[in-house]
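The values are calculated or read from the model by the stated rules, or taken from the named source; none is laboratory data. Keep in mind that what you see is a predicted model, and the values were worked out from it rather than measured. Neighbour counts run over all protein chains shown; Cβ positions are idealised from the backbone, glycine included. Keep in mind that these areas ignore ligands, DNA and RNA; they rest on the heavy atoms of the full protein, side chains included. Shrake-Rupley method; radii C 1.70, N 1.55, O 1.52, S 1.80 Å.
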Amino acid sequence: MNRVLIVGAGFFGAVTAERLAVDAGIPVTVIDRRSHIGGNSWSEWDSETGVEFHKYGSHIFHTSNAEVWSYITRFTDFNQYRHSVWTTSRGKVYPMPISLATINSYYGKNLSPDQAKELIRKEAAEFTGEPANLEEKAISQIGRPLYEALIRGYTIKQWAKSPRELSAAIISRLPVRYTYDTRYFSDPHEGIPLRGYAALFTNLLKYEKIEVRLNTSYADILAQCGGRFPGLVVYTGAIDEFFQYRLGRLDWRTLDLEWDRPNCADYQGTAVMNYADEDVPYTRIHEFKHYHPERSDTGKTLICREYPHAAKGNDEPFYPVDTQRNRELYPAYVALARAESPEIIFGGRLGGYKYIDMDATIAAALECYRNNIVPLIQSL
Ligand code: UDP
């Protein structure tokens, strides 16, 4: 079989490349138009503070998928970091996601789990049926006062849409707990790559059969081979861009990250502080040193404030926007891909237009390799 071309060196592309090279023994070229591998999970070191930072905002690896955990731990060890998030609302700090600690702190009470459930049941009484959107889902789970204090403003800033227009699935990412467990994630496996995401991606792509070409776009490759790559293409970029927005643009949210080195050793005492109030222009502040409590403290710190906005022009797409229009437009692109480019496999958060985490992206790549790519290779 000819060399395979993989467009994009994020998790979907890197895992697919590793499987093709190591499992199938097929040579692969991985291209990325950026100057680094790793997609949005890439990390770098800040020489001024000695702090490793996640270039595209916090990435915390967590999974319940045993296959993904056993696969990825072949390429990196993880530290013992357990993510917890705090959120500032109207001048007070609460633990996120909503737990018994949040409820008691917000209401100024010391309720037991059953008493808290009873309180929230009353606060949520306005909704009885099946929640039809993010707002209804949140109110049905936590009641209106907590929704208005901790969810509404953050969600409007994150998505620039009324929470009534957004899918309930977005808020279902967050658990609601009637315990004092304040961990952000509930998965059995969690941590940050011990030597960083850069080292993890370098390991995934280190094989002799994998050629990595940075600062190289798909258009560059097409120009070199007369408009059509002679072999299998796995495309992990945005599907609407692939078709030059022929059916219209899919909406993406992007993030502006404003970097700062405050003159102190510890700015906020935690990795992520959310800001729930609508009049605070950013959604959260990341302080990266907290992701590595096992490292010795450099006495300096690096933070970034996160400002979400609609992606335009050359902005990096980060989050697909789950609205009716996009839910209809994406399948239209998939149909176009089947009709015009059946030899191209689309995948990843961008190619699949799916709000998925790193572990789900790896799971999707492993599944795509097994179910789509291997049969294709065998048929050739
Ligand atoms: N969310 C919120 N308040 C918070 C944190 C999250 O309202 O303090 C909502 C918001 O709508 C967000 C969604 O929950 O888009 C999912 O949050 P998550 O932390 O999973 O988002 P990510 O880290 O992927 O940006």
- Item | Inter-label distance, nm, simple model (7 Å from Cα along the C-beta direction), K161/T298 | 3.9
- Y107 accessible area, 1.4 Å probe, all protein chains in place, Å² to nearest 10: 50
- With all protein chains present, calculate the accessible area of W45 using a 1.4 Å probe and round the result to the nearest 10 Å². 130
- Item | Charge dipole magnitude, Cβ of K and R +1, D and E -1 - the chain, Cα centre, debye nearest 20 | 280
- Message: Just want the answer: with Cβ charges of +1 for Lys and Arg and -1 for Asp and Glu, which residue in I151, G269, H290 is farthest toward the dipole's positive end in the chain?
- Response: I151
- Under the classification rounded if a/c is under 1.5, otherwise prolate if a/b is larger than b/c and oblate if not, where does region 19-105 fall, given a ≥ b ≥ c as square roots of the Cα gyration tensor eigenvalues? prolate
- Query: To the nearest 500 deg cm²/dmol, what mean residue ellipticity at 222 nm is calculated for the chain from DSSP H runs of n ≥ 4 alone, each contributing -39,500 (n - 2.57), summed and divided by the residues?
  - Reply: -8000 deg cm²/dmol
- Taking Cα atoms, how many degrees apart are the long axis of helix 324-340 and the longest axis of the chain, rounded to 10 and kept between 0 and 90? 10
- Message: Could you tell me which residue out of S112, F61, G10 lies farthest along the dipole of region 1-144 toward its positive end? Charges go on the beta carbon: Lys and Arg +1, Asp and Glu -1, centred on the Cα centre.
- Response: S112
- Note on the structure: Once A223 and R82 are pulled to full extension, the length gained, defined as 0.36 nm per residue separation minus their Cα-Cα distance, is 46.1 nm
- Expressed as a whole-number percentage, the relative contact order of the chain with C-alpha contacts under 8 angstrom and at least six residues apart is 26
- Cβ under 13 Å from I373's Cβ, I373 left aside: what net charge do those residues give with Lys, Arg +1 and Asp, Glu -1? -2
- Note on the chain: the mean projected area of its alpha-carbon convex hull, in nm², is 20.2
- Message: Which order do the peptides 167-175, 32-40 come out in when sorted by mean C-beta neighbours inside 10 angstrom, highest first?
- Response: 32-40, 167-175
- Item | Accessible heavy-atom area order of E135, E294, E130, highest first, probe of 1.4 Å | E130, E294, E135
- In whole Å, what is the distance between the alpha-carbon centres of region 164-230 and region 278-292? 20
- Query: What lysines could a cross-link reach from K137, if we take a straight Cα to Cα line under 21 Å and drop same-chain neighbours fewer than 8 places away?
  - Reply: K117, K122, K157, K161, K354
- Order the following by accessible area, largest value first: K55, K109. Probe radius 1.4 Å; ligands, DNA and RNA are ignored. K109, K55
- At a Förster distance of 35 Å, what's the computed FRET efficiency of S186 paired with V280, Cβ-Cβ distance as r, to 0.05? 0.80
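Taking square-rooted eigenvalues a ≥ b ≥ c of the alpha carbon gyration tensor, is region 242-380 rounded, prolate or oblate, where a/c under 1.5 means rounded and, failing that, a/b exceeding b/c means prolate?
Because a/c hits 1.5 or more and a/b fails to exceed b/c, region 242-380 counts as oblate.
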- Item | C304 accessible area, assembled protein chains, probe 1.4 Å, Å² | 0
- Item | Nitroxide proxy distance, nm - points 7 Å out along Cα→Cβ at N203 and S70 | 1.7
- Judged on accessible area alone, 1.4 Å probe, highest first, Y275, Y81, Y267 line up as Y267, Y275, Y81
